[in-house]
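Take a look at the structure below.
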Amino acid sequence: MPVDTPLVIGEIPFRSRLIVGTGKYASFEETKKAIEASGADCVTVAVRRVNILDRKEENLLDYLDPKIYKILPNTAGCYTAEEAIRTARLARSAGISDMVKLEVIGDKRTLFPDNEALLEATEVLAKEGFIVLPYTNDDPIMARKLVEVDAGAAVVMPLAAPIGSGLGIRNPYNIQIILETISVPIIVDAGVGTASDAAIAMELGCDGILMNTAIAGAENPIQMAEAMNLGVKAGRLAYLAGRIPKKLYAQASSPIEGMIE
């Protein structure tokens, strides 16, 4: 069996290659059950949308054992570099994490990232010692800029499709180019809809996947979380195994040479 190595972000190893979000669930209890079914050990939380800083009230973090899960704060809802930087600093000062999933949104309708502001925020936060995971377009040039010396992203997270769209990977060729040219882990973020989408991303050679809506928005989030867990594992194993080349014409499964007529 092919030997795999753990996903490592910064210097932190992770057991699972699936990172899950915590929004859109019916309750904290459902969130907990879905996360458990997903097998993920890294969970991302929106600092601006979830009450994770006021520990006097019921809190999502009360349902996540810090001995099991690495909490990844994200800057969802930020539309400027300044907002995103301030939000990341707030999460760190609250003792949540030095890691941050960095989002700087450029358009309210499409939720596509503002890559110029993203690059600016990445540079600032990386210099302050953050482990930065920037959410970006599937643009190989921007991916390269995000990991250059002045930026210093620990990971690049290209979208597969618009956030929450469930369309799957729309441009596998750009993802492939990013994989071939970037040395840090590549984690697909946004657009995955079902387990086959997750498997395709992993078969391309992506190091991991981050998803939220595909699980939380499913008719049965717990079952979908388990399906995504299996899809990621199957896709990773298929990538390591090495698929057969695609051919235009048929090739017999059993060799015909030496057959008795």
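The values are calculated or read from the model by the stated rules, or taken from the named source; none is laboratory data. The structure presented is a predicted model; accordingly, all values stated were derived computationally and were not measured. Glycine also receives a Cβ, built like all others from the backbone with ideal geometry; neighbour counts cover every protein chain displayed. For the accessible areas, the whole protein counts, side chains as well, though only heavy atoms, and no ligand, DNA or RNA atoms are used. Shrake-Rupley method; radii C 1.70, N 1.55, O 1.52, S 1.80 Å.
Structure notes:
- Kirkwood estimate for the chain, i.e. one over the average of 1/r between Cα atoms, Å: 19.0
- Partner lysines whose Cα lies under 17 Å from the Cα of LYS32, excluding those fewer than 8 positions away in the same chain, are identified as LYS24, LYS67, LYS70.
- Extents of segment 25-173, taken as max minus min of Cα coordinates on every principal axis and listed largest first, are 42, 35, 27 Å.
- Separation in nanometres of the label points that stand 7 Å from Cα toward Cβ, at ARG170 and ARG86: 3.1
- Under 19 Å of direct C-alpha separation, and excluding same-chain neighbours fewer than eight residues apart, LYS246 reaches these aspartates and glutamates: GLU203.
- For segment 106-255, the Rg and Dmax computed from alpha carbons only, in angstrom: 17.0, 61
- Size of segment 166-261 from its Cα atoms: along the principal axes, largest to smallest, the extents are 59, 36, 20 Å.
- For segment 174-261, accessible area per residue (1.4 Å probe, heavy atoms of protein chains only), Å²: 59
- The charge dipole of the chain, taken about its Cα centre with unit charges on the Cβ of Lys, Arg, Asp and Glu (plus for the first two, minus for the last two), comes to roughly 200 debye.
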